[in-house]
1. In segment 114-129, which residue that is over 14 Å from Ser34 (Cα atoms) and aliphatic (A, V, I, L, M) is surrounded by the most Cβ atoms within 10 Å (Cβ to Cβ)?
2. Which residue out of Asp151, Asp155, Asp108 is on the phi > 0 side of the Ramachandran plot, among the acidic types (Asp, Glu) and open to solvent by 30 Å² or more (accessible area, probe 1.4 Å)?
3. Tell me, which helices (runs of 4 or more DSSP H) wholly within segment 6-86 include 2 or more residues that are surrounded by 21 or more Cβ atoms within 10 Å (Cβ to Cβ) and modelled with pLDDT under 95?
4. Report whether or not Leu180 is surrounded by 13 or more Cβ atoms within 10 Å (Cβ to Cβ) and under 22 Å from Asp7 (Cβ atoms).
5. Quick one: Met163 ticks every box in (1) open to solvent by less than 30 Å² (accessible area, probe 1.4 Å); (2) under 30 Å from Ala112 (Cβ atoms); (3) in contact with a Pro (Cβ under 8 Å, 6 or more places away or on another chain); (4) free of Cβ contacts under 8 Å to residues at least 60 places away in the same chain except a single one, so which number is it?
6. Pull out all pairs, ordered by first then second residue, where Cβ-Cβ is under 9 Å, the residues are six or more apart or on different chains, the first lies in segment 63-92 and is touching a residue at least 12 places away in the same chain (Cβ under 8 Å) and among the aromatic types (Phe, Trp, Tyr), and the second is surrounded by 15 or more Cβ atoms within 10 Å (Cβ to Cβ) and in a helix (DSSP H, G or I).
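The values are calculated or read from the model by the stated rules, or taken from the named source; none is laboratory data. This one's a predicted model, so the numbers in the text were calculated from it and none came from an experiment. Counting neighbours? That spans all protein chains shown, and the Cβs are built from the backbone with ideal geometry, glycine included. Each accessible area value is taken on the protein alone, full model and side chains, heavy atoms only, with ligands, DNA and RNA left out. Shrake-Rupley method; radii C 1.70, N 1.55, O 1.52, S 1.80 Å.
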Amino acid sequence: MSATAPDGSPVGLYATLAPLGEPQLIDGAVLSGSDILELGCGAGRITHELIALGHSVTAVDNSAEMLAHVSGAETVLSDIESLDLGRTFAVVVLASNFLNAPEPDELDAVLAACARHVEPGGRVLLERMAPDWEPSPGPRTVGGVEMTMRDVVLDGELVSAVMEYRANGASWTHAFSAKLISDDEVEAALARAGLERVRWLDDRRSWVEARPVSRGGGG
């Protein structure tokens with residue numbers, strides 16, 4: 001039985017998952033050799049490619065078992081909400097749909113951590129479930145991992161389900177809950193954290209680039 005992170009994520013699964021273009025999207029949105037803070041890095045699925053692309057990465061996760069798989073980065077064991085490193089970064093990355101936190105307080109806490117750690121002229125890159133997302137019945141294979149969603153419950157903007165994964169003869173399950181968040185809700189949540197949207201980074205509007213709100217004139 002593989003270890004699980006505090007949110008129930010199977011460590012063995014995340015050590016198996018390959019990136020799906022996220023590092024290249026991030027790399028294309030930031031300056032070469034950026035100093036990046038990656039929040040919720042997991043087992044380094046995105047981390048390792050960002051390093052290979054020439055960036056310096058500080059990788060944060062609340063699972064020591066996940067961080068044990070991360071190499072080449074400074075690692076920090078911490079919850080995102082309470083993180084306070086006492087320094088700022090040119091780029092803060094928050095992938096893996098943290099914007100879809102079911103509780104507003106949780107969403108505000110992770111965005112406050114982003115705002116706390118980004119330089120005044122820096123950028124925050126955030127991922128959410130695409131606004132056109134719908135449950136997909138039946139198995140599908142992504143990056144060599146077979147995924148099946150079951151026990152789906154939709155209640156307005158709230159969704160809960162169980163994901164089953166199979167790869168390399170192993171299998172894992174992970175129950176999750178999420179809140180689908182609209183463009184307007186993204187903007188409002190960013191504003192509460194002292195951030196503002198710069199642009200959407202992909203056609204599905206899954207990734208948003210934000211910056212600290214200017215406090216006195218500059219652009």
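1. It comes out as Leu126.
2. Values: Asp155 fails: on the phi > 0 side of the Ramachandran plot; Asp108 fails: on the phi > 0 side of the Ramachandran plot.
Selected residue: Asp151, the only one of Asp151, Asp155, Asp108 that is on the phi > 0 side of the Ramachandran plot, among the acidic types (Asp, Glu) and open to solvent by 30 Å² or more (accessible area, probe 1.4 Å).
3. Values: elements: 11-16, 22-29, 47-52, 64-67.
Helices (runs of 4 or more DSSP H) meeting the threshold: 11-16.
4. Values: surrounded by 13 or more Cβ atoms within 10 Å (Cβ to Cβ): yes; under 22 Å from Asp7 (Cβ atoms): yes.
The answer is yes for Leu180.
5. (3)
6. Once the first residue is touching a residue at least 12 places away in the same chain (Cβ under 8 Å) and among the aromatic types (Phe, Trp, Tyr) and sits in segment 63-92, its partners that are surrounded by 15 or more Cβ atoms within 10 Å (Cβ to Cβ) and in a helix (DSSP H, G or I) give Phe89/His117.
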